[in-house]
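To start, the structure under review is shown below, and the notes come after it.
The values are calculated or read from the model by the stated rules, or taken from the named source; none is laboratory data. If you're wondering where the values come from, they're calculated on a predicted model, not measured in any experiment. Here Cβ is always computed from backbone atoms with ideal geometry, including for glycine, and neighbour counts include all displayed protein chains. Ligands, DNA and RNA are excluded from the accessible area calculation, which covers all protein heavy atoms including side chains. Shrake-Rupley method; radii C 1.70, N 1.55, O 1.52, S 1.80 Å.
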Amino acid sequence: MRYLARTRRELGFPTPFNVLGPLTNPVVPDRAVIGVHSKTLGPVMAEALKILGRRNYAVVCGDENLDEISIAGLSHVWHIQQDGEIKSYTIHPQDFGVPCHPLSAAAGSTLEDNVATLKRLLGNELEDRDVPVRDFVLVNTGFLLFVAGVAESMKEGAALARIALESGKAHALLKDFAQTTQTLKAEEEAKAAEH
């Protein structure tokens, strides 16, 4: 799948691989949130995950056919419970304790602008224009923490995500992750050079 990623991005529209990727991923976490780009795919993806034995998974689709939870309004959820029952419901940014924002207010721009926004977000140095992006992060991370069982509610999940951002913990984790992946890459390249 990774060899097709560049071509899929260049196409500029969803392909069957957008659906197959989560179903064929060899990493199988105990709990997960998976976004789909169409509300009609939500129940189909949830049923496929259920057949594969996945439990405590949630499939989400923003009302705008966004493959994540929307900051602009309603999002649809198909939540596979521990017993295999699929519960369908909708959620709203207010469920996380944050206001709605137009998607355009949270949209990315150039690589340089996106990097600058991320640095402000992780450095807790937000400008007014960054608030919709932060809230977008809070609802999506908050929902993941809820599904993962870390938070009792979506609102608590968003609060935990806010604490991680504001305390610098999220920034420290990202730096550790980047350093670890660079170390692993260097080790892999060294092994390949030996052969």
>> Taking amide H atoms as placed 1.01 Å from N in the peptide plane, list the residues 5 or more away in sequence, or in a different chain, whose amide H sits under 5 Å from that of V33.
In response: A58
> Averaged per residue, what accessible area in Å² does the range 96-169 show with a 1.4 Å probe, protein chains only?
Replying inline: 55
>> Restricting to Cα pairs below 8 Å that are 6+ residues apart, what does the relative contact order work out to for the range 63-109? Please round to a whole percent.
In response: 34
>> Please list 3J(HN,Hα) in residue order for the range 34-48, calculated via the Karplus relation 6.51 cos²θ - 1.76 cosθ + 1.60 where θ = phi - 60°; whole Hz, with x for glycine and proline.
In response: 10, x, 10, 8, 8, 4, 6, 7, x, x, 5, 5, 4, 5, 4
> What percent antiparallel are the DSSP beta bridges of the chain, to the nearest 5?
Replying inline: 75
> Where does each of 133-143, 152-162 land if you order them by average Cβ count within 10 Å, highest first?
Replying inline: 133-143, 152-162
>> Along the charge dipole of the chain, pointing to its positive end and built from +1/-1 on Cβ of Lys, Arg, Asp and Glu, which listed residue (A161, L66, N114) has its Cα farthest out?
In response: L66
> Which ³J(HN,Hα) values, rounded to whole Hz and listed in residue order, are derived for the range 93-103 from phi using the Karplus coefficients 6.51, -1.76 and 1.60 in 6.51 cos²θ - 1.76 cosθ + 1.60 with θ = phi - 60°, glycine and proline given as x?
Replying inline: x, 4, 5, 9, x, 10, x, 6, 9, x, 4
> What's the carbon and sulfur percent of the range 84-195's accessible surface, probe 1.4 angstrom, rounded to a whole number?
Replying inline: 56
> Expressed as a rounded percentage, what relative contact order does the range 27-185 have, with Cα pairs under 8 Å and six or more residues apart?
Replying inline: 18
> Each residue of the range 122-139 in order: what ³J(HN,Hα) in whole Hz does its phi give by Karplus 6.51 cos²θ - 1.76 cosθ + 1.60, θ = phi - 60°, with x for Gly and Pro?
Replying inline: 6, x, 6, 10, 5, 9, 3, 5, 8, 4, x, 5, 4, 5, 4, 5, 4, 5
> Sorted by packing (mean other beta-carbon atoms within 10 Å per residue), highest first, where do 99-108, 27-36 land?
Replying inline: 27-36, 99-108
> Between (i) 47, 39, 32; (ii) 59, 44, 27; (iii) 53, 43, 34, which matches Cα extents along the principal axes in Å calculated for the structure shown?
Replying inline: (iii)
> Count of lysine pairs in the chain with Cα atoms under 28 Å apart, counting only pairs 8 or more residues apart in sequence or on different chains?
Replying inline: 15
